[in-house]
Each structure stands twice: as structure tokens, then as C-alpha cells.
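A short worksheet on the structure shown next.
The values are calculated or read from the model by the stated rules, or taken from the named source; none is laboratory data. All values reported here derive from a predicted model rather than from experimental measurement. Cβ placement follows ideal geometry from the backbone for every residue including glycine, while neighbour counts extend to all protein chains displayed.
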Amino acid sequence: MRKLKINSRDVKFYLLGILSMFILATIYDWEENVAAFKEGFESARNPEFKSLE
């Protein structure tokens, strides 16, 4: 059985790929992310906050 060799370059590219997918998903759903942030912020400020859903 062959032993896997994982270099630091492999780890860097893997983390770069995860970061780039996170950034693309955030940009693609920007309006939904902003609305969710505002709803979460309001619910944290006001414990009796009712969700719109």
C-alpha cells in the first residue's frame, strides 16, 4: 500500500479552495445574508423579537 504524501502546498490549496467557495457563496446570496444578519442582530438586541417567518 502506498503512503500518502501531503505537502504544505496541498493544504494551502485546499484551504484556499474552501475560502474561495465561501466568498463566492456569500457574494452570490448577498441579499439573503444581509437579511439574516439583520434578523439575528435584532433578535440578540431584543429578546422578544418575533421572526418574520
Seminar exercise, completed: So, first residue touching a residue at least 12 places away in the same chain (Cβ under 8 Å) in the stretch 15-40, second residue assigned to a helix (DSSP H, G or I), Cβ within less than 6 Å, six or more apart or across chains; the pairs are none
For this session: Within the stretch 40-52, identify whether any single residue is of a type outside the set (D, E, K, R) and modelled with pLDDT of 90 or more, and answer yes or no.
Result: no
